[in-house]
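Values quoted throughout were computed directly from the atomic coordinates according to the rules given, and no laboratory measurement underlies them. Everything numeric in this text was worked out from a predicted model, so none of it was measured. Glycine gets a Cβ as well: all are built from the backbone with ideal geometry, and neighbour counts include every protein chain shown.
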Amino acid sequence: MVGEHDFGARLRRLLDRRGLHPTSLSRHADVPEPELTAVLQAHQTPTPPLLRRLAPALGLHTADVFAIAGADLPEDLAPLDATAGREVPRVIQEAAGLPPEHRGRLRRLVASLPQAQRTQPVPDTPPGHRYPPGPGALLLRMLHIRNLNLPATARAFGTVTDRYWAAATFGQVGRGRKPLTPDLLADCTTLLDVPADDLSALTGIPLPTTSTTTCAPTPGTPKLDAPEIAELIWELRRLTASQLRQVTDAAKALRERQPDA
């Protein structure tokens, strides 16, 4: 269906925001310009090889480009262990109590953990996560790529921002029953390793006019360094549930070493 939420329209808005001409993107992505033009004009559905080439040229995670296109995520781009998602908010909560230098140590631990082999096939998208086209659906898909299901999303938002919503409320945003507002978009930037202006262009939702950074003052005031936490969430998606529990234990140990205030 052609409209403001098809891949071509989203990509056009992103290019406009960056002041990037399609010819330049075609050259940097090594994509034939007629093929890119057909996608931009919604005359052609983007193929997986095209999406993979566009991602580095756009400076976006390849998995996010698939989400932007509404395309099925290939196995090599999916989170390693779907059961590990419930552990992600626990890691974030423990990291919240650490000073910056200890959060850096935690990030180094995460980076040092070996990549395990996938032992289970990537599960099908649950019916509750199959959203109709829309800005809220895009952000929910991007959160799911980070192994955050609806309950984990609610817990993560509550830890990182002042937004305490039930999981079902986030589901309503994904289904378009609750609007994606500028302040909610700003809150999302604290969990997604994507520039706020890019998210605004991709969704067609403006950022809060009173915001001078990636976060709105109320109710979306972040409790933590947003880019740091977003990067940590992205790195956690390649770990197993047991590895995430190891990271949580390490964060708890680091907290216990802190001197009493």
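Here are the numbers for the structure shown:
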{"item": "Descending principal axes extents, the stretch 7-74, alpha-carbon based, whole Å", "result": "28, 24, 20"}
{"item": "Gaussian network model of the chain, Cα within-10 Å springs - most flexible of Gly85, Gly97, Gly136", "result": "Gly97"}
{"item": "Full-stretch length increase - Asp124, Asp72 - with 0.36 nm per residue and alpha-carbon distance subtracted", "result": "17.7 nm"}
{"item": "Pairs of Cα atoms farther than 21 Å apart, the stretch 37-128, %", "result": "53 percent"}
{"item": "Net length gained if the chain between Gln172 and Ser112 were fully extended (0.36 nm per residue, minus Cα distance)", "result": "17.8 nm"}
{"item": "Relative contact order [Cα under 8 Å, 6+ residues apart], the stretch 1-73, whole percent", "result": "30 percent"}
{"item": "Ranked list, fewest to most other Cβ atoms within 10 Å of each Cβ, for Leu244, Leu40", "result": "Leu40, Leu244"}
{"item": "Footprinting exposure proxy for Thr181, Thr203, Thr240 (fewest neighbouring C-beta atoms within 10 Å first)", "result": "Thr181, Thr240, Thr203"}
{"item": "GNM top mover of Asp183, Asp193, Asp16 - the chain, alpha-carbon springs below 10 Å", "result": "Asp16"}
{"item": "Exposure proxy order (Cβ contacts within 10 Å, fewest to most) of Thr159, Thr37", "result": "Thr37, Thr159"}
{"item": "For the chain, convex hull of alpha carbons as volume per residue, Å³", "result": "134 Å³"}
{"item": "Projected area, mean over directions - the stretch 129-201, Cα convex hull, nm²", "result": "4.3 nm²"}
